[in-house]
Amino acid sequence: MAIGGSSRRNDDGDVRYSRTFTVALFILTILLIAFDRPQDRPPLLANIRSTITDLSAPLLDLAAAPVRGISNIGPYWRRQAGLAQENAGLRRRLDETRYWRDLAMQLRDQIELYEQALNVDTPATNARVGAWTLGDTDGPFVQSRLIGAGTRRGVEDGDPVLNVYGMIGRIVETGEVSARVLMLTDLNSRIPVMADRSNARAVLVGDNSPYPRLEFLARDADLEDGDRIVTSGDDGGMPRGLPIGLAQRDRQGRWRVRLFSDQAPIDFVWVFPYEAVGAPDVPLPTIPVETQAAPDPAGDSEPAANQTAEAGP
């Protein structure tokens, strides 16, 4: 027989507690929850709680490690398969890059031999100036950038600006330590260009869209989708052959250019100082002025008559 609040067993052997003991535990739980505030918690209780947490955290992490390992098996092998495929693609690109590097070195050597044989003085573009770019929100142009290089480093108006992939614009304003770059996509940009394959001439016109237009293109121009567009240098303001992009038609059938420079964010650029080709400095020919003989004070007009007679048939 059970006494007062002691436990008693039923016929099935389960332990049952008295109603008073259950109500007391419930009230105690409510009181602990209500008065368990961090600011009112005794220091001893806080220290005990933090110690228990420090001891149980490594054990819980160790117990969860097998579960995490099993759950990560699938994503791990899928990631390994993707990395293997990407590695194979990178190896193919590396082989292609080596081929083009060897070809570029051969062409460079041939060009040097031809220049020496023909005594051609090409513009020097090796003295490039590197600079970081900044956003230009208050400038006079919609599509422009500021760079941290100016006249102190040899940057002048009209110099072309390129990133690692291709041309992005040209210098339009220059200070001592900074300069403004007018992007090829700006509405005010006009660059003479040509197709590298067929030498078809055009003018690259920006319209504040990512793909500038090709204007003033001849009707019978030999131009195809994917043709490489480079600078033509027809204006004499920049060198010939700077890479710009690939030609493509839009939905309206107009020719546009997908810029090479859009392949990566424009953070670091190079400015190629270029001296524009000017008109030859040739002195004007001097026109001889015929001198007339002074009249004779004595009134003798014979010299004039003789000159008239010599000039006649």
### Task
Mind listing whichever residues of the range 234-244 are closer than 14 Å to Met194 by Cβ and open to solvent by less than 20 Å² (accessible area, probe 1.4 Å)?
Met238, Pro239, Ile244
### Query
In the range 189-233, how many residues are of a type in the set (S, T, N, Q), crowded, with 17+ Cβ neighbours inside 10 Å and without any contact (Cβ under 8 Å) to a residue 60 or more places away in the chain?
2
### Task
Starting from the range 74-85, keep only residues that are at pLDDT 85 or above, then list their pairs with residues that are surrounded by 10 or more Cβ atoms within 10 Å (Cβ to Cβ) whose Cβ atoms are within a distance under 9 Å, requiring at least 6 positions of separation or different chains.
none
### Query
Looking at this structure, is Ala276 surrounded by 21 or more Cβ atoms within 10 Å (Cβ to Cβ) and either in contact (Cβ under 8 Å) with a residue 24 or more places away in the chain or assigned to a strand (DSSP E or B) (or both)?
no
### Query
Quick one: is Pro210 part of a loop (DSSP other than H, G, I, E, B) and out of contact with any Cys (no Cβ under 7 Å at 6 or more places or on another chain)?
yes
## Note on the structure
Across (1) open to solvent by 70 Å² or more (accessible area, probe 1.4 Å); (2) in contact with a Leu (Cβ under 7 Å, 6 or more places away or on another chain); (3) without any contact (Cβ under 8 Å) to a residue 60 or more places away in the chain, Ser144 clears everything bar (1)
### Query
Among the numbered criteria (1) in a loop (DSSP other than H, G, I, E, B); (2) of a type in the set (Ser, Thr, Tyr); (3) modelled with pLDDT of 80 or more, which single criterion is violated by Ser6?
(3)
### Message
For the range 207-243, give me each residue that is β-branched (Val, Ile, Thr) and modelled with pLDDT under 90.
### Response
none
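The values are calculated or read from the model by the stated rules, or taken from the named source; none is laboratory data. Keep in mind the model is a prediction, meaning the values are calculated, not measured. Glycine also receives a Cβ, built like all others from the backbone with ideal geometry; neighbour counts cover every protein chain displayed. Just the protein is used for accessible areas: all its heavy atoms, side chains included, with ligands, DNA and RNA removed. Shrake-Rupley method; radii C 1.70, N 1.55, O 1.52, S 1.80 Å.
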